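Structure first, commentary second.
Nothing in this text is a laboratory measurement; each read-out follows from the coordinates by a stated rule. Keep in mind it's a predicted model, so treat the numbers as computed, not measured. Because the Cβ atoms are built from the backbone with ideal geometry, glycine has one as well, and the counts that use them run over all protein chains shown.
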Amino acid sequence: MKSLYKYLLGFALIAVVFPACQDDLTKTPLDAPANTNFYSNQDELLLGINGAYNETLWWEITGSPAPEQLDAMTDLGFERSNGDIKAVALGSASSTSGIFESTWNQFYGALSRVNNLLGNMSRAEENVSSEFMERIEAEARFLRAYAYIYLSELYGDVPLLTEAPNIEDAQIARTSKSEVVDQIISDLDFAAQTLPESWSGSDEGRATKGAAFALKARIALYNERWDVAAQTAQEVMDMDVYSLYPDYGAMFQYEGIRNSGVILDMPFQTGVNTHNIPRRHGSRNMGAYSQSVPSQFIVDSYEATDGKPIDESSAYDPAHPFDNRDPRLDASIIRPQAIWGDFIFETHPDSSETWQVDEAGNRISRMTNQDVTNPFASFTGYLWRKYTDPEDYPSRIDESELNFILIRYAEVLLTYAEARIENGNIDQSVLEAINRVRARAYGVNLSDVSQYPAITTTSQSELRRIVRRERKVEFANEGLRLFDIRRWQIAEDVMNGMFMGRPQGAYRNILSAPEINNATGHPGYGGRQDLFRNVEPRTFNPNRDYLWAIPQAELDVNDEMTQNTGY
């Protein structure tokens, strides 16, 4: 069992493992030389930094939850098969839950690589240019910041290690989260000053100046450092390097790989690193498992086309709930009667058959509907469309090459807006940042206000509600919701109670919209709850569940380690 103690022991024994050298960042298979004289030349520095990328960004390899699986621990999603993810969602996880330990190990393992590289790269000083040395240090410090963002946001106070300690230092206490955040910002400041705005050729995909700024804006926002968040987001905007990709849905398909809005992604390549999101997310009719699926809560969180929540909109018809809705709903979620692949997706319990369709969407023949007849079809009646590209079926259902976006430009815009809203510094630039995101959702220009519901209010409370809803629907199934409901302190409001899926029968049986809570944006169904699929009862203890447990394995070997409250 890996622990922080074993991580420290790895330093003491100088047991360093690196991926073999490849030209492309995406080509880093895991085999390993070990040498106390390592990091003595440019090739070895590249091996070291590629290994650090590999362990920091590629969660799928390590057994930790993939980034999008974090949404299955929130009101947005449900995970059928992963017991640890389900335990977190149900509020039943303990200090021995594997997810707490595997995630801890994931990022402290990454820090082991990064700090070992930073501590020993001076060996190459006589053989490598100062510019190259500085570049490697900047990439390493970016990755260290990335790892510590997840550790500090998930666990709170964590041991802060910026160099390789001795085995005598194995008993290490937790560092205050504020101090960890200071170090994250320091690392990202260094990275932003050093890294280029873009890479080319085989270096494409490495951390950039924009990625460092964007990550700094994220951690500042998460920790209510509003001025820093707004200023840093503005620096990304002023670079004029990124822009919103015009097609929201295509951004998460092969068509949108490395598009203009991508600031950092997790690249995949057949024969090197691939993922099985198509198998986990997809339809039973396409041989997938429908394992990780969206909720009725997220479906009902998308506005109507008049820009109003569905409980306030005259454009919304509960009998035809998918008409006149924010286009991001259909771009993000496969819902009943949507065309998916070459068939019509339907989950009404009486629909034991569905239709195959041609390329134009015309019905051509009936087929058995596994999305109803299979007992392990979607428990909510919906599927995630994001990161589920029909091109992956059937040959790449377990080996998708579709990149996963870790930071994108829309987040920078909404970070800028939220930080200034919370700081009470509201002006036209705030409205413009939000409206740029909303206009892109409708596939129109910012100035085409007749074609999308533009925001005009300058009320702080109303803008707070709007920007929180924007983050919810813009980033659904991208792994950011867990951190949002924690920092907004609304998790007990959106997580407690029955997790719900689609109506049990026909949508026409639902006579009115749910009531959308103004403070939290969460839909409420009152006495009509039994008309919907009741998937599982969830519990969130605000005295405990705002932080994950420190893994019991750490407490067993480190007398200085303390546990979070309630575990």
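To the nearest 20 debye, what is the magnitude of the charge dipole of the chain about its Cα centre, counting +1 on the Cβ of each Lys and Arg and -1 on the Cβ of each Asp and Glu?
1280
Which residues in segment 327-348 have a backbone N closer than 18 Å to a point placed 7 Å from the Cα of residue 506 along the Cα-to-Cβ line?
Hits in segment 327-348 for residue 506 at 18 Å: 336-338, 346-348.
With charges set only on the Cβ (+1 for Lys and Arg, -1 for Asp and Glu), what does the dipole of segment 277-400 come to about its Cα centre, in debye to the nearest 20?
In debye, rounded to 20, segment 277-400 gives about 360.
Add +1 for every Lys or Arg and -1 for every Asp or Glu among the other residues with Cβ under 11 Å from the Cβ of residue 323, and state the total.
Within the 11 Å Cβ shell, the charges total -1.
Counting only residues 5 or more places away or on other chains, whose amide H sits under 5 Å from the amide H of residue 264 once H atoms are built in the peptide plane?
406, 407
I need the calculated FRET efficiency for the pair residue 460 and residue 130, taking r as the beta carbon distance and R₀ as 60 Å, to the nearest 0.05.
Plugging the Cβ-Cβ distance into 1/(1 + (r/R0)^6) gives 0.80.
Pull out the extension gain between residue 352 and residue 241, defined as 0.36 nm times the separation in residues minus the alpha carbon to alpha carbon distance; nm, one decimal.
Length gained between residue 352 and residue 241: 35.0 nm.
Identify the residues of segment 380-397 with backbone N under 14 Å of a label point that sits 7 angstrom from the Cα of residue 81 along the Cα-to-Cβ direction, or state none.
Output list for this probe position: 397.
If I fit a long axis through the Cα atoms of helix 42-57 and take the longest principal axis of the Cα atoms of the chain, what angle between them do I get, 0 to 90°, rounded to 10?
The helix 42-57 is inclined about 40 degrees to the chain.
Just list whichever of 216/472; 308/472; 209/386; 177/216; 216/386 have alpha carbons separated by over 23 Å in the model shown. Kindly include the intermediate steps, with their values, before the conclusion.
Numbers: 216/472 21 Å; 308/472 15 Å; 209/386 27 Å; 177/216 15 Å; 216/386 26 Å.
Over 23 Å Cα-Cα: 209/386; 216/386.
Of 65, 110, 452, whose Cα points farthest to the positive end of the dipole of the chain (charges on the beta-carbon: +1 Lys, Arg; -1 Asp, Glu; origin at the Cα centre)?
Most positive-ward Cα: 452.
Specify which residue in the list 272, 132, 547 is farthest towards the positive end of the charge dipole of the chain, using unit charges on the beta carbon of Lys, Arg (+1) and Asp, Glu (-1), about the Cα centre.
547
Taking neighbour Cβ counts within 10 Å as the exposure measure, how do 494, 412 sort from fewest upward?
Arranged by neighbour count, lowest to highest, 494, 412 become 494, 412.
Rounded to the nearest 20 debye, what is the charge dipole size of segment 162-318 about its Cα centre when +1 sits on each Lys and Arg Cβ and -1 on each Asp and Glu Cβ? Could you put the intermediate results ahead of the total?
On the way: 12 positive and 24 negative charges, 139 e Å.
Result for segment 162-318 is approximately 660 debye, rounded to the nearest 20.
Which is the longest stretch in the chain that no exposed loop site breaks, taking sites as trypsin sites (Lys or Arg not before Pro) with a DSSP loop state and at most 15 other Cβ atoms within 10 Å?
It runs 259-543.
Just subtract the alpha-carbon distance of residue 563 and residue 186 from 0.36 nm times their residue separation and send over the number in nm, one decimal.
Separation in residues times 0.36 nm, less the Cα-Cα distance, equals 133.0 nm.
Any idea how far apart residue 200 and residue 270 come out in nm if each label point goes 7 Å out from Cα toward Cβ?
According to this spin-label approximation, the distance is 2.9 nm.
In nanometres, what is the gap between the two model label sites at residue 423 and residue 122, each 7 Å from Cα along Cα-to-Cβ?
About 3.8 nm, to one decimal.
Per 0.36 nm of contour for each residue apart, how much would the distance between residue 449 and residue 515 grow if the chain were fully extended, relative to their Cα-Cα spacing?
Details: separation 66, 0.36 × 66 = 23.76 nm, distance 2.75 nm.
The span from residue 449 to residue 515 would gain 21.0 nm if fully extended.
Using Cβ counts within 10 Å as a stand-in for footprinting exposure, how do 536, 346 rank, fewest first?
536, 346
Out of 521, 145, 156, whose Cα points farthest toward the positive end of the dipole of the chain (charges: +1 Lys, Arg; -1 Asp, Glu; placed on Cβ)?
521
Residue 414: net charge of surrounding residues, Cβ under 9 Å, Lys/Arg +1, Asp/Glu -1, itself excluded?
-3
As I understand it, the value is the acute angle between the Cα axis of helix 209-222 and the longest principal axis of the Cα atoms of the chain; what does it come to in degrees, rounded to 10?
70
Kindly write out, for segment 235-240 in residue order, the coupling ³J(HN,Hα) from the Karplus curve 6.51 cos²θ - 1.76 cosθ + 1.60 (θ = phi - 60°), rounded to whole Hz, with x marking Gly and Pro.
Karplus values, whole Hz, x for Gly and Pro: 5, 5, 4, 6, 5, 6.
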